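Asker: Let me begin by handing over the structure; questions about it come next.
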């Protein structure tokens, strides 16, 4: 699979990427809330049950950069699929967290 060129990036790509990045920030805030509340624990296996604040920040910063990098690298056809799938997972995660009482801690 060849990487996409900069001129392949569309306004729709920008909107989808912005949507995913917003969900990433909300999830980040929810994860900080989990860390500050003993009632909850983190379910993300990459972070572990009780991540430190430093681990949380590093994970979400690198995740945001990585998602954008993958989105830019993918072909236009695959980029949309990638973004929609990851947005779907992001919505599911944020909504689930909200439903069980996890709020955003900034």
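Asker: Relative contact order, percent, of the range 5-69 when contacts are C-alpha pairs under 8 Å separated by at least 6 residues? Kindly include the intermediate steps, with their values, before the conclusion.
Answerer: Details: 31 pairs, mean separation 18.0, N = 65.
So the answer I get is 28 percent.
Asker: Listing 60, 89, 46 from the residue with the fewest other Cβ atoms within 10 Å to the one with the most, what is the order? Intermediate values should be presented prior to the final figure.
Answerer: On the way: 60 18, 89 12, 46 9.
Ascending number of Cβ neighbours within 10 Å: 46, 89, 60.
Asker: Kindly express, to the nearest 10 degrees and within the range 0 to 90, the angle between helix 53-73's C-alpha long axis and the longest C-alpha principal axis of the chain.
Answerer: So the inclination is approximately 20 degrees.
Asker: Determine the distance separating the Cα centre of the range 61-106 from the Cα centre of the range 4-57; give it in Å without decimals.
Answerer: 7
Asker: Given the DSSP H assignment, sum -39500 (n - 2.57) over each helix run of at least 4 residues in the chain and divide by its residue total; what's the result at 222 nm in deg cm²/dmol, nearest 500?
Answerer: On the way: 3 runs with 71 residues, N = 106.
Mean residue ellipticity, 222 nm, calculated: -23500 deg cm²/dmol.
Asker: When the chain is treated as a GNM, springs tying every alpha-carbon pair under 10 Å, which of 74, 32, 23 comes out with the largest mean-square fluctuation?
Answerer: Of the options given, 74 has the highest mean-square fluctuation.
Asker: By how many degrees, 0 to 90 and rounded to 10, does the Cα axis of helix 11-36 deviate from the longest principal axis of the chain?
Answerer: Its long axis makes an angle of about 10 degrees.
Asker: Where does each of 20, 9 land when they are ranked from fewest to most other beta-carbon atoms within 10 angstrom? Kindly include the intermediate steps, with their values, before the conclusion.
Answerer: On the way: 20 25, 9 15.
In increasing order of surrounding Cβ atoms, one gets 9, 20.
Asker: Working from Cα positions, state the angle (0 to 90°, nearest 10) between the long axis of helix 76-99 and the longest principal axis of the chain.
Answerer: Approximately 20 degrees, to the nearest ten.
Asker: Exposure proxy check: 16, 79, 103 ranked by fewest other beta carbons within 10 Å? If you can, show how the numbers build up before the last one.
Answerer: Working: 16 19, 79 22, 103 11.
Listing 16, 79, 103 from fewest to most nearby Cβ atoms yields 103, 16, 79.
Asker: Any number yet on Rg/Rh for the chain, C-alpha, Kirkwood?
Answerer: Rg/Rh: 1.03.
Only the coordinates and a few stated rules stand behind these numbers; no lab work does. What you see is a predicted model; the values in this text were computed from it and never measured. We place every Cβ from the backbone using ideal geometry, glycine too, and count neighbours over all the protein chains shown.
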